[in-house]
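Here the structure is laid out as C-alpha cells; the discussion comes afterwards.
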C-alpha cells in the first residue's frame, strides 16, 4: 500500500480479486451475528415488501443475544462462536418459524413462501423446491440434511410443508455460517 500512496481502492480491489478470498477453506467459516441472520433471511426470502415490524426484529435480535443499541461494552459484541449458545440456537429456530408463519408483521400476514420459487421459474411442487431453497440459503453446497428436512416437512402434516421445510433449513445449526 505504501508503494501505491495508501490507495485504499487498490487494496480493496486486490483483496476482493484474490483467489484466497474465494478459497474453499474460507467459505462458511464465520458465524453470523443475530442481526446478520435476521436480515439475511428476510432478504434471501424476499420478505421485505412490506417490511416486517422493526420492533419485532429488534426483539428477536435481543432474544438471540444482540440487544440493539445496548452492546455489552464499548468494544461491541463478541463475534464468532459466542453466537452459538443454546439460547441463540433455540431463538433462531423460533425466529425461523415466526418468519415463515408471517408473525413478524403486525398484523400477522401470510408470507407466500411457496410463491418465491415460482417467481424465479421453479416448479410448483413443494419437494423439489426444498433443494432450491437450500441452494438459495446455503449456496451451491446442498446440505446432507435435505432428505431429513423433506421427511420432517412431510410428517408435520400442516397446510404448507414447504414453509415447514424452509423453517427447518433456517433453523439448521449449519445455516448461520457465512
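Looking across 43, 4, one residue alone is closer than 16 Å to residue 111 by Cβ and exposed (fewer than 12 other Cβ atoms within 10 Å of the Cβ). It is 43.
Scanning the stretch 76-93 for residues that are in a helix (DSSP H, G or I) and either under 16 Å from residue 36 (Cα atoms) or not assigned by TED's automatic domain parsing to the domain that holds residue 37 (or both) turns up 80, 81, 82, 83, 88, 89, 91, 92, 93. Return yes or no: is residue 144 under 24 Å from residue 30 (Cα atoms), in contact (Cβ under 8 Å) with a residue 40 or more places away in the chain and assigned to a loop (DSSP other than H, G, I, E, B)? No; evaluated as a whole, the condition is false for this residue.
Restricted to helices (runs of 4 or more DSSP H) entirely inside the stretch 1-75, those with at least 1 residues that are closer than 25 Å to residue 171 by Cα are 34-44, 54-63. Please go through the stretch 147-174 and pick out each residue that is assigned to a loop (DSSP other than H, G, I, E, B), free of Cβ contacts under 8 Å to residues at least 60 places away in the same chain and under 15 Å from the mean Cα position of the chain (by Cα). Within the stretch 147-174, 172 is the sole residue that qualifies. Taking the stated definitions as given, is residue 137 part of a helix (DSSP H, G or I), closer than 22 Å to residue 35 by Cβ and touching a helix residue (DSSP H, G or I) at 6+ places or on another chain (Cβ under 7 Å)? Judged against the criteria, residue 137 is a match.
The values are calculated or read from the model by the stated rules, or taken from the named source; none is laboratory data. Since the model is a prediction, treat every value here as computed from it, not as a measurement. Positions of Cβ are generated from backbone atoms using ideal geometry, with glycine treated the same way; all protein chains shown enter the neighbour counts.
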